[in-house]
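Worksheet: the structure to be examined is printed underneath.
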Amino acid sequence: RAKSRGTSCYQVFDSSMYQNALSFLQLDTDLRTAIKEQQFRVNYQPIIALKTGKIVGFEALVCWHHPQRGLVPPGDFIPVAEETGLITEIGYWVLRQAGEQIYHWQQQFTDIPLTISINLTPRQFTQGNLIAQLDEIIRETHLNSRSLKLEIKESAIMDNLKTAQIILNQLRQREIQLSLDDFGTGYSSLSYLHSFPVDTLKIDRSFIQGLDEIPQKLGLVPVIINIAQKMGMNVIAEGIETAHQLAQLRQLNCDFGQGYFFSQPLNPEQAVNLLLSFPQW
Ligand code: C2E
Ligand code: MG
Ligand code: MG
Ligand code: MG
């Protein structure tokens, strides 16, 4: 019954429970309680520079420790929180938690320049108080804004072109970095990439899986890497699970990688242990 979803956040309840209107309300109520009683945790998945094989940062992934239902993965509650608007509060908590954590690790591991990547839903991105939230967190955690990376999907920009432009400019002024998550699954319109200051493309894991297939499906992977490099952007391959995928990506000159081959998302204690071992892949 329990479906494995990685070490730190696996599904132990049946999400179809929440699929009717009554359950939707129940989930909304439970989420409000979860915020009050601090039932959320952030897990950290390392991001590796493929040239050196070293850790350069972490992606923050939220998880919900429900007192009765156990661990609830983000895919089962973020969409509801997005719909009800609770995402604003949950998102603020994640930003703050992850910001404090990375600042702390930066002090502890001064010879590893660490960044933190944080996911934002379209609503978080365009809601209007994002910049104020970020300014407050940067001020109060003492985090250097340059070590902060925000991950959004293309649709967050494409569905709100005007607002997105304003927010992107404000992020730029603060030198906060921007990554396009799950790249290749949405519009992938190259013309808009030109007019938006995007730092990083994250190649969706569905394309990385193809690298293991016979005959191999390189698909969009070399194309995305080429475009990114021509436009002065970085590329992260997400969902690297095998040594073969890693070797292929290195051959294609992909900058960064992330996935179970290196590490699953880790709780803070596990992440510190990993950093202490100075791994090099
Ligand atoms: P994402 O940002 O694309 O995150 C990557 C997802 O892939 C994570 O799932 C991660 O655990 C999983 N993953 C990493 N490496 C591998 C691999 O090698 N193989 C496979 N099969 N999967 C891998 P997770 O934690 O369940 O998160 C799902 C999505 O939920 C995220 O996708 C992101 O869109 C969203 N999310 C997670 N945390 C937050 C958050 O704090 N705020 C917001 N707004 N969204 C979040
Ligand atoms: Mg992400
Ligand atoms: Mg992704
Ligand atoms: Mg994804």
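The values are calculated or read from the model by the stated rules, or taken from the named source; none is laboratory data. Keep in mind that what you see is a predicted model, and the values were worked out from it rather than measured. Neighbour counts run over all protein chains shown; Cβ positions are idealised from the backbone, glycine included.
Within region 71-90, identify whether any single residue is free of Cβ contacts under 8 Å to residues at least 40 places away in the same chain, within 15 Å of ligand 2 (Cβ to nearest atom) and either in a loop (DSSP other than H, G, I, E, B) or touching a His at 6+ places or on another chain (Cβ under 9 Å) (or both), and answer yes or no.
no
Can you name every one of the helices (runs of 4 or more DSSP H) wholly within region 94-169 that holds 2 or more residues which are among the hydrophobic types (A, V, I, L, M, F, W, C)?
130-141, 154-158
Exactly one condition in (1) within 16 Å of ligand 4 (Cβ to nearest atom); (2) modelled with pLDDT of 95 or more is false for SER188; which is it?
Of everything listed in (1) within 16 Å of ligand 4 (Cβ to nearest atom); (2) modelled with pLDDT of 95 or more, SER188 misses just condition (2).
Return yes or no: is LYS217 surrounded by fewer than 19 Cβ atoms within 10 Å (Cβ to Cβ), outside any helix (DSSP H, G or I), among the basic types (Lys, Arg) and at negative phi?
yes
Tell me, please, whether a residue that is surrounded by 20 or more Cβ atoms within 10 Å (Cβ to Cβ), over 21 Å from GLY91 (Cα atoms) and of a type outside the set (Val, Ile, Thr) can be found in region 148-171.
No, because not a single residue in region 148-171 is surrounded by 20 or more Cβ atoms within 10 Å (Cβ to Cβ), over 21 Å from GLY91 (Cα atoms) and of a type outside the set (Val, Ile, Thr).
Going by what's in this entry, would ARG96 be described as modelled with pLDDT of 95 or more and within 18 Å of the chain's Cα centre (by Cα)?
Against the criterion (modelled with pLDDT of 95 or more and within 18 Å of the chain's Cα centre (by Cα)), ARG96 qualifies.
Can you tell me how many residues within region 230-255 are surrounded by 15 or more Cβ atoms within 10 Å (Cβ to Cβ) and within 13 Å of ligand 1 (Cβ to nearest atom)?
Residues flagged as surrounded by 15 or more Cβ atoms within 10 Å (Cβ to Cβ) and within 13 Å of ligand 1 (Cβ to nearest atom) within region 230-255 amount to 10.
Would you say GLY128 is surrounded by fewer than 13 Cβ atoms within 10 Å (Cβ to Cβ) and away from ligand 2 (no atom under 16 Å from the Cβ)?
Considered against the rule, which asks whether it is surrounded by fewer than 13 Cβ atoms within 10 Å (Cβ to Cβ) and away from ligand 2 (no atom under 16 Å from the Cβ), GLY128 comes out as yes.
Which of the residues that make up region 107-122 are touching a helix residue (DSSP H, G or I) at 6+ places or on another chain (Cβ under 7 Å), more than 14 Å from ILE137 (Cβ to Cβ) and away from ligand 4 (no atom under 16 Å from the Cβ)?
Hits for region 107-122 are PHE109, ILE112, LEU114, THR115.
Table: residues versus (1) closer than 20 Å to VAL62 by Cα; (2) more than 16 Å from ligand 3 (Cβ to nearest atom); (3) without any contact (Cβ under 8 Å) to a residue 12 or more places away in the chain.
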residue	(1), (2), (3)
ASP111	no, yes, yes
LEU130	yes, yes, no
ILE166	no, yes, yes
GLU175	no, yes, no
GLY184	no, no, no
ASP199	no, no, no
